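Below is one structure, written out as structure tokens; comments come after it.
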Amino acid sequence: MSAAPRRPSDPSRPGRKATGARRAESEPAKPPRREAAPAKAPHGPAVGAVRSGWLSGIRLSGFSVIMMGVIVLAVVVLAPTIAAFAEQRRHIAELRAEVSAQEAEVQELREQRERWNDETFIITQARERLSYVLPGEVSYLVIDDRTEAAKAETGAPVSAEVTERKGDWMRTLLTSVMTAGLAPDAAGAGG
């Protein structure tokens, strides 16, 4: 099998020989470290209790300070980049919409060009736009030579009575037929 990696000996583990024991015997013993008594808060015990409450749980190592610095630096560096990226995406979307509108316009122009290739369409356009006629046809052009004031004066309003009047159409029809049937024949009266 494979050999396990060697670990430095730990004096606290039983059954292991401490290699640093000789060094410890030759050096003078250091006095144990004493923790300094906490200084009283200048504003009374309540402030010290608040500080020791949530601040005492925060332990900052060098690694965590470096990582927080990296995160802050990343935010500072990436924020403008992300804003520029969003602006570019918006600009690209606008350009795509513009391209799609232009493609629709190009398609419409192609269809119009195809219509102009049709002889019937050309004849129709010549008749409507230019008032052309084919040989042998007679064109009548009605020109209203009245002034705008005269056109406005002759325009009589439509009567509301005509549209609201209701009659007995059956009696009107029967009367009309009887009148036409009883009228003297125009050909017989003249002869």
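So the values come out like this:
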quantity: Thr179 - accessible surface, heavy atoms, 1.4 Å probe, Å² rounded to 10; calculated: 90 Å²
quantity: For Thr154, net neighbour charge (Lys/Arg +1, Asp/Glu -1) across residues whose Cβ lies under 12 Å away; calculated: -1
quantity: Ordering of 56-62, 108-114 by burial proxy (mean other Cβ atoms within 10 Å per residue, highest first); calculated: 108-114, 56-62
quantity: 1.4 Å probe accessible area per residue over segment 71-153, in Å²; calculated: 93 Å²
quantity: Per-selection Rg to Rh, segment 89-140 - Cα, Kirkwood hydrodynamic radius; calculated: 1.38
quantity: Accessible-area composition of segment 47-139, carbon plus sulfur, in percent [1.4 Å probe]; calculated: 64 percent
quantity: Restricting segment 77-157 to chymotrypsin sites (Phe, Trp or Tyr not before Pro) in coil, as DSSP defines it, with at most 14 other Cβ within 10 Å; calculated: Tyr132, Tyr140
quantity: Shape parameters for segment 58-159, alpha-carbon atoms, Rg then Dmax in Å; calculated: 35.4, 106
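The values are calculated or read from the model by the stated rules, or taken from the named source; none is laboratory data. Source: prediction; values computed, not measured. Neighbour counts are summed over all protein chains in view; Cβ atoms, including those assigned to glycine, are modelled from backbone coordinates with ideal geometry. With ligands, DNA and RNA removed, areas are computed over all heavy atoms of the protein, side chains included. Shrake-Rupley method; radii C 1.70, N 1.55, O 1.52, S 1.80 Å.
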